[in-house]
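Below: the structure, in structure tokens.
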């Protein structure tokens, strides 16, 4: 290069331009330490729940792995049934290898090249890529084979069992500040007045309010602390004093409609995550197994008596004649902040666990569907031609069947067959998968135009002209333009999924009892709307509306925030507004 | 002016081999080939041959849709060539695949026309210019960052712009960013696809000057695609004039501008506004529009609009307006031959109703209405219109060509056989080539005929 260039580089020399984050933290450890200590303290406060969450995550991962691991053998069995056992074995092996390969493709880019260099082959760039994938596939298949067909598998599952058992034991033994044991609200009146068994002898209502307040205070603190973490990083450790992320955050902070959406979604998510803490009675006692759990109460004769939840629920139904409304106690000294359902269960408990159900279904369905839609739209708009035609045909075929009908048919087929997918959440997971399958064509259609448009941009040609790989071109030059569309469409649809789940459950098709679901509450309360038990259908109805609106608002705000050009209009508008 | 017919592929190979960087031979780029619906491809580039010498700027001019951008994109392998070869330092790059192509791409880059569309708005300037370096795994990330900052300096921007976004820049600045990205990998050859046509005139000059400075500094070779002839005259060492996928004339810039040889070059240059009000030669008006590249004319591509078409000797004295009419008639019959008549049209015609196709008699009246057509010409023309009226377009066209056709329409001296195409004639000592029958010894030169006919 010319001398002129070297001169100019010297002038720009920034001493710590290429230091790693680790080195920068080591140089100035204080802010990072303070923040980390705060985070550790916060986690310690809820250590019991943290481990419970880890245990739950283990459960989900284990279930998914088991489900996927079952695919090769079930394919093999099907083939073996028609073509003989040898063919079945081959089919099992091929399916397993294909699945392992599918796993390695996205992962291989982050595996160091040294993994291939040890083979000592002289490979081209493309050959190198494929060699790495093949190598990883081999490793995955070998590991899976070891687990499936050798004694190693037994040791492996014993190890997994020990770890999960340990986590569960820790979860139940470690304390957390929002736990029911620390702030109990279930107790009974004493004949001489006052309460027995509640937190500090307060009334159950006060104890519950303290616990719920603590949950939201804690969640908010965590959020604020995470925000502070970003702030600490920005002021102390980031090289650039400004990056686009700052603008994204600033734009989002100034969008009040978006903040409203964020607040509601935050409430919804916190309610779902801390469902055991915000519910006044334990769901296990009140909803799932009301037969086997007794509790004490002060009966009308002034004696402390014991009864099961089944009988208590029968007397506490809100069904027009008899109403336990919001902010009241039932006859069994149980506090019902949102009243009871038509079956006598506690509404707040039902609502918070129902939020869990809705959240899991919504996120699974939209996440999976959006993933399929984005991948297909990128592929079909980059390669065009036959890829595009095949995708169009596939999506048209799915869309030709009325969505609700398709969902009902598939869900009935799986539930009748008692398929393992239909077990979790009493059909909730099955519903999520079906939603993903039924909704991806819609999402794909809605982003097809934008992705075709962006694939025609000259910067895609430019990327091709300097040899960028198709995968990277799609990721860097096309996907960001589609992200905005899929976010807004996904957030619209997540509301749709929540409503559809509720609607199906309302019709008695979606999620079976006992898993709590908002749609079933509305179904149960619909005939009492004009009676004194109006709250049974109204409260979950309002909750659904709020959550759906909030998701839309949030999606809108995120789209505006990540679009740098939205800023131009805003400042122009501000300038003209100021001038006028 | 020497009029020796020189075949392009043989004559210059020996002399220019030493300093030739890009050698294009009979390159064809067709679109829609092998489609399900049509077997007639769009012939965007239809057999061009030329050389680009190391360190020179070759201009490529022509009207919109003549295939110049496609040619540029084929040279850097953004489009796949249908046929022919592009030799880059002796390697045929149309044959490169996979890794070889990836390695070669360092050498040839492109500056795009539209600065709004050529930069990804979601990436910072730094990321944009860095990407080629990342793709080719150039040194360490820190080195790349330094290189980007020095490139920014090189193209007249400042290193603080690293974290800005494209939409914060003006068109000219964006084009500078595009140029910086192009330079990142130290290419030898750059295709400039109308790099200034989307910019303000004042900014155009700055960008042109920047490009010239960079060329001197880094020994770059340019293919400069443009339709602004004055810019081309300023920056280019040699110019190729393109029409309908063919190069009509190629040679040193000044010579080509002052003394054009090809009729199309004449016409193109006459379109430059002249500041001198007493300028002698009138503007040459071309009739009609360029033919559809899916259905190029047989023979010379320019034959349908050429002001100096070669005419059969017996009709040489015929009035110019009648010739215009005859050419118009030929185009209309060609057009009618391609158009499919729907069933509805056929039924309407049967019942004597008006159809989309004006009757050929109306066309005839329109073309020759007020003209005094000699009897022998009129006799032939009425035969032609009769045949066309009966939807025997092929026969009508044959009749028309037999009587009025010449070597320009691909009609050979013996009247049949494969269509004859023009050859490249060397029209000056500098090796300037022109694609026109007029340079053959038996025909008169273009300039003389132009003077006669105007």
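Just so it is clear, none of the values below were taken in a lab; they were calculated from the coordinates. Remember, predicted model here, so these are calculated numbers, not experimental data. Cβ atoms come from the backbone with ideal geometry, glycine included; neighbour counts cover every protein chain shown.
Here are some notes:
- Rounded D (µm²/s) - the stretch A:260-316, Kirkwood Rh over Cα pairs, Stokes-Einstein at 4 °C, 1.567 mPa s: 96 µm²/s
- Beta bridges per DSSP with both ends in the stretch B:8-270, % antiparallel, nearest 5: 55 percent
- Calculated [222 nm] ellipticity per residue, helices only, for chain B: -11000 deg cm²/dmol; basis is -39500 (n - 2.57) per DSSP H run with n ≥ 4, divided by all residues, nearest 500.
- Neighbouring partner chain Cβ atoms per residue of A:125-131, average, 10 Å criterion: 2
- Gyration tensor verdict on chain A (Cα atoms; rounded if a/c is under 1.5, prolate if a/b is larger than b/c, oblate otherwise): prolate
- Take each residue of peptide B:72-82, count the partner chain Cβ atoms within 10 Å of its Cβ, and average: the result is 1.
- Mean per-residue shielding of peptide B:317-330 is 0, counting Cβ atoms of other chains within 10 Å of each Cβ.
- Take every DSSP beta bridge whose two residues both sit in the protein assembly as shown; close to 70 percent of them are antiparallel.
- Nitroxide proxy distance, nm - points 7 Å out along Cα→Cβ at residue A:417 and residue A:148: 1.9 nm
- Length released on extending from residue A:23 to residue A:226, taking residue separation times 0.36 nm less the Cα-Cα span: 70.9 nm
- Scattering profile of the protein assembly as shown at q = 0.04 Å⁻¹ [log10 I(q)/I(0), Debye over alpha-carbon scatterers]: -0.34
- If you take the alpha carbon atoms of the stretch A:324-396 and fit the smallest convex hull around them, that volume is 103 Å³ per residue.
- Between the helical axis of B:393-404 and the longest alpha-carbon principal axis of chain B there is an angle of about 80 degrees.
- Debye intensity ratio in log₁₀ form over the Cα atoms of the stretch A:348-571, taken at each q of 0.09 Å⁻¹: -0.45
- Projected label distance in nm at residue B:361 and residue A:456, using a 7 Å step from Cα toward the beta-carbon: 4.6 nm
- Spin-label zone in the stretch A:450-483 - amide nitrogen under 13 Å from a point set 7 Å from the Cα of residue A:383 along the C-beta vector: A:470-471
- Taking the three principal axes of the alpha carbon atoms in the stretch B:8-270, the coordinate ranges are 51, 44, 42 Å, sorted in descending order.
- Where only alpha carbons of the stretch A:211-340 are counted, the Rg and the Dmax (Å): 22.8, 74
- R0 of 30 Å, Cβ-Cβ distance residue B:287-residue B:168: FRET efficiency to nearest 0.05: 0.05
- Peptides A:313-319, A:225-231, A:257-263, ordered by how many other C-beta atoms sit within 10 Å of their residues on average, highest first, read A:313-319, A:257-263, A:225-231.
- Residue A:162/residue A:103 FRET efficiency (R0 22 Å; Cβ-Cβ; nearest 0.05): 0.30
- Across the stretch A:397-553, C-alpha contacts under 8 Å between residues 6 or more apart give a mean separation that, scaled by the residue count, equals a relative contact order of 20 percent.
- Distance cut-off 27 Å, percentage of C-alpha pairs in the stretch A:47-173 lying past it: 40 percent
- The stretch B:168-236 and the stretch A:231-284: distance between their alpha carbon centers, rounded to Å: 47 Å
- What the Cβ-Cβ distance of residue A:71 and residue A:406 gives, at R0 = 22 Å and to the nearest 0.05, is a FRET efficiency of 0.45.
- Placing a label point 7 Å from the Cα of residue A:304 along the Cα-to-Cβ direction, the residues of the stretch A:181-209 whose backbone N falls under 16 Å from that point are A:184-204.
- Fully extended contour minus Cα-Cα distance, from residue A:529 to residue A:469, at 0.36 nm per residue: 15.6 nm
- The stretch A:283-346: Rg to Rh, with Rh as the Kirkwood radius over Cα pairs: 0.95
- Judged by the gyration tensor of its Cα atoms, with axes a ≥ b ≥ c, the stretch A:37-112 is oblate; a/c meets the 1.5 cut and b/c is at least as large as a/b.
- Scattering curve values for chain B, log₁₀ I(q)/I(0), Debye with Cα scatterers, q = 0.06, 0.07, 0.08, 0.14 Å⁻¹: -0.33, -0.44, -0.57, -1.31
- Sorted by Cβ neighbour density within 10 Å, fewest at the top, the residues A:116, A:249: A:249, A:116
- Binned Cα-Cα distances of the stretch B:155-304, short to long, each 5 Å bin given as a whole percent: 2, 7, 15, 16, 16, 14, 11, 9, 6, 3, 1, 0
- Note on chain B: antiparallel DSSP beta bridges, both residues inside, total approximately 60 percent of the bridges counted.
- With Cα atoms, 0 to 90° folded angle of helix B:125-135 axis to chain B main axis: 90 degrees
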